[in-house]
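For reference, the structure is listed below as structure tokens.
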Amino acid sequence: MSGHGEVQFDEMHGPDGSVRPAYRDYAAWMAEQDARWLHRKSQEAEGFFRRTGITFNVYGEDDAEERLIPFDMVPRIITSSEWRRLSRGIEQRVRALNAFMHDLYHRQEIIRSGRLPERLFRNNPAWLPEMVGFTPPGGVYTHIVGIDLVRTGPDEFLVLEDNARTPSGVSYMLENRETMMAMFPELFARVKVQPVSNYPRRLAKSLAACAPAGTPDMPVVAVLTPGIYNSAYFEHAFLADQMGAELVEGSDLRVVDGRVQMRTTRGYRPIDVLYRRVDDEFLDPLTFKPDSLLGVPGIMDVYRAGGITIANAPGTGIGDDKAIYSFMPEIVEFYTGEKPQLPNVQTWRCADPDSLKYVLEHLSELVVKEVHGSGGYGMLIGPAASKRELAEFRAKLTASPSNYIAQPTLALSTVPVFAKAGLAPRHVDLRPFVLVSPEGIEVTPGGLTRVALKKGSLVVNSSQGGGTKDSWVLDD
Amino acid sequence: MLGRVANGIFWMYRYLERAENTARLLAAGHRMAMTRGADAAVEEWRSVLTTLGLLQSYEAHHHDFSSAHVCDFVLRGKDNPESVLAMIEAARFNARMCRSALTLEVWEAINEGWMAQRELLLRPVRITGLWQVLAAIRRESTLVRGATHDSMLRNESYCFARAGTFIERADNTARILDVKYYLLLPSLAYVGSALDTAQWENILRSLSGERAYRWLNAGRMDSRSIAEFLILDERFPRSLAFSYAAIRDTLTVLARLHGNEGPAHEIMRLAAQQLTGGSIDEIFDSGLHEFLLAFIVRNRDVANAIAEQYRFTA
């Protein structure tokens with residue numbers, strides 16, 4: 001499917017074919033390279049990823065095959081002034097998100113002021129009554145946030161989604177850069193790019209700064225993974241390794257003497273900060289899903305007694321809710337007292353009868369998403385849908401309108417990929433990663449660029465055949 | 001480090017070692033089978049399968065002992081859960097589980113080896129290509145050990161890697177020696193005959209020890225000195241004595257890292273005494289088979305004591 005007649009903004013080339021300033025040095029370098037050599041390099045990249053084991057498991061496939069996320073070697077480039085503007089907007093949004101979480105689990109001023117309807121979190125499974133009245137160590141709820149951005153023009157960056165639960169993909173940001181530097185060292189001598197490699201160190205520092213009050217100087221940090229069959233297992237292991245933290249599974253942990261402890265070769269040892277990559281509902285079988293084997297029985301009691309930091313805090317998943325998303329401009333303004341620097345994508349809340357009417361009338365032009373869905377599952381892309389799919393979605397929408405939001409089909413920006421016949425524009429998005437601690441908010445320069453590899457496709461999710469690119473923020 | 005990870009590392013190296021020893025055993029068996037008559041070849045393959053503990057499950061699926069069938073079953077048999085391919089998969093699975101306790105060098109060695117062997121073992125192995133496959137298996141294991149030796153901190157991970165390697169190696173060497181001796185040499189009257197010499201040479205070859213032995217013994221070849229070489233010679237890296245010296249060293253380092261010894265150290269001390277306490281003549285006098293059986297049981301006790309003391313499981 002392609003955008004409907006609107007001119008798509010290509011980040012590398014202007015409409016007249018000229019190279020935009022961000023790509024000037026890169027394009028000059030590329031023009032000097034032999035095309036056959038570049039093709040060989042492109043094939044080498046895959047071998048590089050396979051050898052280092054950067055794979056992900058695909059849910060729902062019989063033999064849990066390890067797959068590679070395709071990597072494209074043309075970088076996605078952002079100038080430093082563009083980035084400064086973006087990162088200010090991201091920081092503002094994350095600040096607001098964190099304040100919003102605190103408010104939702106305390107006085108709920110935003111509800112009382114009438115800016116946010118109460119129904120959005122009552123009966124919302126992502127909102128946890130267990131968190132009411134409790135403040136996490138350091139007041140931090142969203143230790144790690146991924147903000148999904150799309151671009152529609154030279155100055156038009158929009159927020160598509162907030163990932164406040166457990167954003168993934170940061171290992172690809174790091175490995176994509178490593179791969180590029182290994183393949184084209186001379187390119188990095190020529191174009192100055194802001195580094196991302198210190199992310200794991202900053203993550204470790206940021207997590208340590210969120211340790212419970214009274215923790216000794218060197219807090220013990222561990223990464224909790226659901227295990228080797230999880231789709232993001234590689235990332236969990238990678239981050240633990242890079243931080244010098246233990247990679248633990250539920251079966252390694254137990255509550256001993258009021259602390260969450262891990263079974264080491266020397267016996268049980270307490271953990272101060274748990275960077276968990278396990279969803280809320282599996283975290284504690286005594287509090288949430290009773291049959292969960294992925295979590296730790298009793299961890300919520302320890303948490304509420306101040307014995308451990310859980311990152312991100314339980315109950316932050318409500319920030320990923322797409323109905324909440326539609327209120328983010330109000331939320332930002334309410335907590336920061338400022339106008340949002342990064343706009344949302346226009347969103348129709350189908351819970352609202354007028355909006356529903358509009359959405360049903362324009363279904364074939366819109367993108368419809370489940371409010372609790374993620375990863376591109378359970379979504380309708382109107383212009384690409386068959387008559388039957390449209391009819392099915394129409395029925396779902398009518399049956400439970402408040403489960404859905406709708407957005408226009410955006411003319412997402414494109415960046416060229418290296419295809420057989422040369423450069424070919426493909427749609428991209430960008431997920432920068434943000435760290436929050438009492439010491440401040442840090443946005444890593446760059447992030448994960450996901451790219452739709454099929455011509456005209458707007459779906460960039462890796463679970464649906466998207467690829468990734470190295471994302472550069474120029475240093476000048 | 002985590003007990004679960006210690007367990008994973010221990011078994012990763014055990015599986016790798018076993019895959020390598022299995023490849024060696026197949027190589028020696030194949031050589032024997034080729035240079036003998038059909039009956040001797042069947043006996044040879046029976047003994048290989050017995051050594052590997054696979055005779056029963058092989059007979060459940062196959063009715064002949066052709067080299068092609070035996071090798072295919074041992075290397076990649078779908079109905080053989082202990083095939084070399086399954087061991088390599090298991091080793092890599094453990095490596096993934098313990099990824100953060102391994103260096104990049106070790107991970108790449110095991111991951112690349114796994115990729116190569118999956119490719120090699122995708123289709124039935126042709127006897128003409130057997131050497132290439134067996135050499136690749138040995139090479140992977142060697143590369144991983146080399147990467148381990150060269151890149152890993154001398155910390156707990158390294159200790160459990162070594163412990164796994166040498167527990168498995170000692171077990172394998174004892175089994176090879178036992179099966180050959182017990183099954184193929186029912187009577188000591190055979191000792192010294194032409195067949196006998198070839199069988200003993202074959203044992204050495206199964207353990208990559210034929211050159212070392214010849215070099216040490218100036219061409220002499222007798223069962224007693226070969227047994228002595230494989231059991232008691234601390235210079236030969238696949239001997240029981242060498243393996244036990246390595247495990248003792250490893251346990252000493254662990255005791256230093258942890259600041260205390262435990263039951264595993266005590267059990268190891270006793271096992272080492274039983275192994276090296278007597279001469280080869282004493283071992284033969286009281287029965288080599290009995291000696292090796294007792295060794296295999298004690299070796300398992302040592303492994304269990306290590307697992308328990310270092311909390312491999314909850």
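Below is a table of values for the structure above.
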quantity: Qualifying helices (runs of 4 or more DSSP H) (wholly inside the range A:170-254; at least 2 residues being within 11 Å of chain B (Cβ to nearest Cβ)); calculated: A:233-243
quantity: Number of positions in the range A:176-196 that are within 16 Å of A:F238 (Cβ to Cβ) and surrounded by 20 or more Cβ atoms within 10 Å (Cβ to Cβ); calculated: 4
quantity: Residue within the range B:248-261 that is surrounded by fewer than 22 Cβ atoms within 10 Å (Cβ to Cβ) and closer than 26 Å to B:L26 by Cβ present; calculated: no
quantity: Any hit, the range A:416-429, residues being touching a residue at least 12 places away in the same chain (Cβ under 8 Å), surrounded by 22 or more Cβ atoms within 10 Å (Cβ to Cβ), more than 30 Å from A:H39 (Cβ to Cβ) and not acidic (D, E); calculated: no
quantity: Only listed residue being crowded, with 19+ Cβ neighbours inside 10 Å and not assigned by TED's automatic domain parsing to the domain that holds A:F48, chosen from A:D217, A:D162, A:D241; calculated: A:D241
quantity: Subset tally (residues that are at the interface with chain B (Cβ under 8 Å from one of its Cβ atoms) and not in a loop (DSSP other than H, G, I, E, B)) for the range A:255-285; calculated: 4
quantity: Where A:V417 falls short, out of the listed (1) in the same structural domain as A:E175 (by TED's automatic domain parsing); (2) in contact with a strand residue (DSSP E or B) (Cβ under 6 Å, 6 or more places away or on another chain); calculated: (1)
quantity: Options B:A101, B:A116, B:A147: the member that is closer than 22 Å to A:T264 by Cβ, within 14 Å of another protein chain (Cβ to nearest Cβ) and not aromatic (F, W, Y); calculated: B:A101
quantity: Condition broken by A:A222, with the remaining ones in (1) at pLDDT 95 or above; (2) within 30 Å of A:P408 (Cα to Cα) satisfied; calculated: (2)
quantity: Tally, over the range A:381-399, of residues that are surrounded by 13 or more Cβ atoms within 10 Å (Cβ to Cβ) and of a type in the set (D, E, K, R); calculated: 4
quantity: Of the criteria (1) closer than 25 Å to A:I441 by Cβ; (2) part of a helix (DSSP H, G or I); (3) touching a helix residue (DSSP H, G or I) at 6+ places or on another chain (Cβ under 7 Å), which one A:D162 fails; calculated: (2)
quantity: Of all residues making up the range A:110-150, the number that are assigned to a loop (DSSP other than H, G, I, E, B), in contact (Cβ under 8 Å) with a residue 12 or more places away in the chain and of a type in the set (D, E, K, R); calculated: 1
quantity: All helices (runs of 4 or more DSSP H) inside the range B:234-314 with 1 or more residues being within 21 Å of B:F10 (Cα to Cα) and free of Cβ contacts under 8 Å to residues at least 60 places away in the same chain; calculated: B:240-258, B:263-276, B:288-309
quantity: Helices (runs of 4 or more DSSP H) fully within the range B:1-80 counting 2 or more residues that are in contact (Cβ under 8 Å) with a residue 60 or more places away in the chain, within 14 Å of another protein chain (Cβ to nearest Cβ) and of a type in the set (A, V, I, L, M); calculated: B:3-35
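The values are calculated or read from the model by the stated rules, or taken from the named source; none is laboratory data. Keep in mind it's a predicted model, so treat the numbers as computed, not measured. Cβ sites come from the backbone with ideal geometry, for glycine too, and all protein chains shown count toward neighbours.
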